[in-house]
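Following: one structure in structure tokens, then a few remarks.
Every read-out reported here was derived from the displayed coordinates using simple, explicitly stated rules and does not represent laboratory data. This is a predicted model, so every value here is computed, not measured. Every residue, glycine as well, gets a Cβ built from its backbone with ideal geometry; the counts of neighbours run over all protein chains shown.
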Amino acid sequence: MDTLEIDELKAGPELDKLVAEKVFGWVGLHWEKAESGYNSFPTNWNDPISWYKCEGFYGKGPNGECYLTKAYSTRMSDAMELINKVKEGRDLFIEWWNDGEWFIAAHPVGYRDDGKFARSDEFDTDTGDPSLPLAVCRYTLKLMAKEEEEWKRYHPEEGESNE
């Protein structure tokens, strides 16, 4: 997924699913529809989850199989998990500019802008929307895509050249 495609993503459950998979390692997320609605008759009295069936994305997350309850793209408290992930080993800068654009940049700790240290990760984060959670989601996905691309460049498959 390139940066232009990421900029087209809208806030909502589909973006939250993508963030959960790419950033937090969720596997097998799929939509589960409510079977017979709330307060349905339990299929197993010893299993409270069967007492009523939720609706939403379900899959294997860091704590086992469960529903994805995070709303990274719309809820700031959930977007903070992304911010905490991005700032591991980095200095993180988030600014609101008067033109309605969020500016987000992450620099490796110890970064100096004289070319002697690591590069900074700055992307155009103009969302056209004053939503910080959405800007954080888009920035994090761009950062992850860039890191994946760099990993592939410096760790080529066996038998391939990296030049």
* Which whole-Hz couplings ³J(HN,Hα) result when phi for each residue of region 89-94 is put into the Karplus expression 6.51 cos²θ - 1.76 cosθ + 1.60, θ = phi - 60°, listed in order with x for Gly and Pro? -> x, 9, 8, 10, 10, 10
* Can you sort Asp99, Asp16 by how many other beta carbons sit within 10 Å, fewest first? -> Asp99, Asp16
* Distance violations [Cα-Cα > 26 Å] among Lys70/Lys146; Lys10/Lys60; Lys87/Lys142; Lys17/Lys146; Lys33/Lys142 -> Lys33/Lys142
* Could you pull out the GluC sites (Glu not before Pro) across region 61-113 that fall in loop regions by DSSP (anything but H, G, I, E, B) with no more than 16 other Cβ atoms inside 10 Å? => Glu88
